[in-house]
Each structure stands twice: as structure tokens, then as C-alpha cells.
1. List, please: which pairs have Cβ atoms under 7 Å, are six or more places apart or on different chains, and start with a residue in segment 85-114 that is in the same structural domain as residue 132 (by TED's automatic domain parsing) and among the hydroxyl-bearing types (Ser, Thr, Tyr) and end with one that is within 15 Å of the ligand (Cβ to nearest atom) and part of a strand (DSSP E or B)?
2. Out of (1) within 15 Å of the ligand (Cβ to nearest atom); (2) assigned to a loop (DSSP other than H, G, I, E, B); (3) out of contact with any strand residue (DSSP E or B) (no Cβ under 7 Å at 6 or more places or on another chain), the odd one out for residue 180 is which?
3. Among the residues in segment 22-43, are any of a type in the set (A, V, I, L, M), touching a residue at least 40 places away in the same chain (Cβ under 8 Å) and not in a loop (DSSP other than H, G, I, E, B)?
4. Out of the residues in segment 164-203 that are loosely packed, with under 15 Cβ neighbours inside 10 Å and hydroxyl-bearing (Ser, Thr, Tyr), state the one that is modelled with the highest pLDDT.
5. Considering 22, 54, which residue is within 24 Å of the chain's Cα centre (by Cα) and acidic (Asp, Glu)?
6. When segment 88-102 is examined, which residues are found to be surrounded by 21 or more Cβ atoms within 10 Å (Cβ to Cβ) and not in a strand (DSSP E or B)?
7. Residues in segment 154-177 that are part of a loop (DSSP other than H, G, I, E, B) and of a type outside the set (S, T, N, Q): how many?
8. Which condition from (1) touching a residue at least 40 places away in the same chain (Cβ under 8 Å); (2) surrounded by fewer than 16 Cβ atoms within 10 Å (Cβ to Cβ); (3) of a type in the set (Ser, Thr, Tyr) is the one that residue 117 breaks?
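The values are calculated or read from the model by the stated rules, or taken from the named source; none is laboratory data. Being a predicted model, the structure only gives us computed values, none of them experimental. Cβ placement follows ideal geometry from the backbone for every residue including glycine, while neighbour counts extend to all protein chains displayed.
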Amino acid sequence: MNDPIISRNLNWVVHRTHDDPEIFRRRASIETKRLWIGCSDNASATLETGAFEEDGCLVYRNLGNQVSPHDFGLMATIEYALHIVKINEIVVCGHYRCACLKSVIQNEPPSLSNCWSGPIRVIFDERRRQFEEIVSEDAQIQSLCELNVRMQIRNLQENVLIRPLLATGRIRLQGLIWSPRDGLLRDLGAGVSKPKKSSKKRD
Ligand SMILES: [Zn+2]
């Protein structure tokens, strides 16, 4: 068989097991305690950062790494992660140069993906003057990528599945952003381990 996907996978397995013969046996037995929520449009290997490989994570992706109570797939995944796998941490991991968020700033014509990113567009429009003070479009996108992660952490705090577990300290939330430029993860300081006091106020 000459399928390049199969060939590259075989080379990868040979390389990894040469360095660590037990790697797949060890990882197959991992009982992860983490759910990772990331973006679909990132062609780079966000999960292969050196941060998540050893203790693993459940994974959910959508455009713009959004947390919406209307995303049935995500809500089912969160419920499964909390009550079956019994995770104790949820990571929202955004990334710079996000094409989904770039489309928000560039106000692209209506499409299904633009409809999906509507909640981010609302936040952007609320802060449009603040963003207009940022000189370059690249810097605007970078700022929106960070703001978006904070917004999704807030959405998690307000989620009915998560609020009771935050109140008891059973679950904690972490907001990270990954840079395809240098491969580094950065902590946005948005993490929480207790419930948000007000669900109305937007900062
Ligand atoms: Zn993205």
C-alpha cells in the first residue's frame, strides 16, 4: 500500500516506539481527568505541545473553540466527561491566527460558519471602539483570540452542568492560548475553581 497517510503513520509509530517502546501501552491505560476544548480550524497540532500527552485528555473541537448551551455535541461531551469519566478540569485552548475570529473582524458575508461565530461577533461589536484603537489587524485578531477564550470560560462558569461542581470545588477551569508562531502555550489567567458571583455583568 502506498497511501501517504498510512506510510507517515507507520514512520511515526516506528520513531515513537524506538524512543519509548512502552509509549502506546502506557497511554492506552491513561485515566484522564481533563476535557480539552479547542478550535477546528487549526491545522497545527495544538494538542502536541508537550503539555497534554502524558496524562491525556478528552477532546472537543468546534470553530472558534466556543462554549454554547445550544451545541448539543459539546453539552453531551461535558456531561459524559463530568459524570462518566469524572474529570476534574476543563481547558479552553484558543490559538492565535484563528481563521474563524479573523472572519469576525473582516465581517465576511453571511454563511453558516459566520452564523456559528455570531456570539463572538456580538462581543466584538460591543467593543468595536476598543478594537479600533489597536493599529494592526493582526494585533486585533490576537486580542480577539484572547478575549474569546475568556468569554468561553465565562460561558462554562454559567453552564448548568458545571455551576454546581464549581460550587463544591469538584471542577476547575483553565484558559490557555497557543501560538503557532513559537509553539508555546500561554496561561491567560482566566482560570477559575469557584463559581462566578454575577452572571449578568459583562466586563
Ligand atoms: Zn481557530
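1. Listed by first residue and then by second, the contacts come to 96/177.
2. Result: residue 180 fails condition (3) only.
3. yes
4. Filtering segment 164-203 for residues that are loosely packed, with under 15 Cβ neighbours inside 10 Å and hydroxyl-bearing (Ser, Thr, Tyr), the one modelled with the highest pLDDT comes out as 168.
5. 54
6. Once the filter is applied, which keeps residues that are surrounded by 21 or more Cβ atoms within 10 Å (Cβ to Cβ) and not in a strand (DSSP E or B), segment 88-102 yields 98, 100, 101.
7. So the count comes out to 6.
8. Condition (2) is where residue 117 drops out.
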